Structure formats: C-alpha cells, structure tokens
Amino acid sequence: MMLSPQLHKILAVAFFLLPFCAQGKPAGLLSRFPFKPFFGGGLDEGQIPDFTPPAATENGDIIHQLEYRISRLEGVLLLNKMITEFRGKIFATNGKRADFDATVEKCREAGGSIATPRNPGENDAILYFVKYFNTYAYLGIKQSLIPGKFQLLNGTPLSYTNWYSNEPSGQGEEECVEMYTDGTWNDKRCNNNRLIVCQF
C-alpha cells in the first residue's frame, strides 16, 4: 500500500507528538488529548464531530480508512495548537525545550528536520508556537565558516532572513540562530535550551 507524501508527513508528526500527548497533561496545552480514536479507542462526546469512516471491505478501502483517521488526527493537532502548516510544509512542537544539537536530533528521529523558515509565511508558522509558548526557538540556520555569515544546515546560502535590528552581532561567538517572540531572528550560542520546533 502506498500513502501520499502528505499522509507520511502527518504520521511522522503524530509519532513525534505521541510521547508528549501520552503523558496525560501536555505541558498545559489542555487537560487531555484524544489520541484513543486514532488507535482503536473511544472518543468523548463533544470533542470531535462523529463522522462515520468508510467501511474497510477491500484492500483499497484500508487506505481510505487510514486517510480518514489521519485527517482526523491532523484536525485534532491543529485544534490543540501542536501543528501549523504553510503551503504543504507542516511545523510541529512537542512543547519541550532543548539545546540546538538535541533539537536537530529530536527532529531527525521524528522523520523531519529543525524548523527553517524560507519565506515570511513559514516564519509566521513557526512564530505561532514561539508566541503561544512565549519563548524563543532555534532555527535550522548556522554560522558558516565566515564569522557573522549564516547559512542553512546543508550549506545553502540564506535566500530569506528576518534579523532583528543590528543582528547578527555575535562576531563569530554565536553560531546558532533563535527566533524572538516578535518573529525576528538573533544569533545565539547553541547551548541554550529553546523550544523544539520541527518541520515535515
């Protein structure tokens, strides 16, 4: 069975967020998180409208059933402010904080990468979490071999920036980039704990 790339993204996001939601109290976002309906359990009245999924009578119907369940999961994650989307790219947070290297690794393990805005719309999608949690987040941007010059993690030059006034100012001492709560960027040392935001 082949799932669409969008469904693969949603599944990766779901597995990234599953441990976070399974704790019972997801970092103050809400008192409970309705994961059960996506994995065979029940659903409390009033949380999500009860749409009857298509019956899985043939192999092809199994894909439709998965698509249905994944679309419901996506709706719940959007509702609970755990994912945002811009032009097909999905951004997700688990509400936890980590240093730069741990953030990169956590996102990689989940099948994504650290959030890296390439345009104002993507910047706003990441900013949504930064504002919601009222904390800064690392971006997938690092200083190049030239002090004060920054690039994407794969070495590609930046085609979009949103630096705060007079930034970057670390003069080679601050190799990572964080997003402020107004959406602007600042160069920062990589060993601080910042909100984990991944992209898929």
### Message
Quick check on region 85-101. Is at least one of its residues in contact with a helix residue (DSSP H, G or I) (Cβ under 8 Å, 6 or more places away or on another chain), outside the structural domain of residue 70 (by TED's automatic domain parsing), β-branched (Val, Ile, Thr) and surrounded by 18 or more Cβ atoms within 10 Å (Cβ to Cβ)?
### Response
yes
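Quick check on residue 145: is it in contact with a Leu (Cβ under 8 Å, 6 or more places away or on another chain) and farther than 18 Å from residue 83 by Cα?
On the way: in contact with a Leu (Cβ under 8 Å, 6 or more places away or on another chain): no; farther than 18 Å from residue 83 by Cα: yes.
So residue 145 does not fit the description; no.
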### Query
If you go through region 105-115 one residue at a time, do you hit one that is part of a helix (DSSP H, G or I) and buried (at least 21 other Cβ atoms within 10 Å of the Cβ)?
yes
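Report whether or not residue 168 is under 19 Å from residue 13 (Cβ atoms), in a loop (DSSP other than H, G, I, E, B) and at pLDDT 95 or above.
Working: under 19 Å from residue 13 (Cβ atoms): no; in a loop (DSSP other than H, G, I, E, B): yes; at pLDDT 95 or above: yes.
No: the conditions fail for residue 168.
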### Message
Residue under question is residue 125, and the condition is that it be closer than 17 Å to residue 108 by Cβ, buried (at least 20 other Cβ atoms within 10 Å of the Cβ), touching a Ser or Thr at 6+ places or on another chain (Cβ under 9 Å) and at pLDDT 95 or above; does it hold?
### Response
no
### Message
Yes or no: region 128-144 includes at least one residue that is outside the structural domain of residue 9 (by TED's automatic domain parsing), farther than 21 Å from residue 77 by Cβ and exposed (fewer than 14 other Cβ atoms within 10 Å of the Cβ).
### Response
no
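The values are calculated or read from the model by the stated rules, or taken from the named source; none is laboratory data. Since the model is a prediction, treat every value here as computed from it, not as a measurement. Counting neighbours? That spans all protein chains shown, and the Cβs are built from the backbone with ideal geometry, glycine included.
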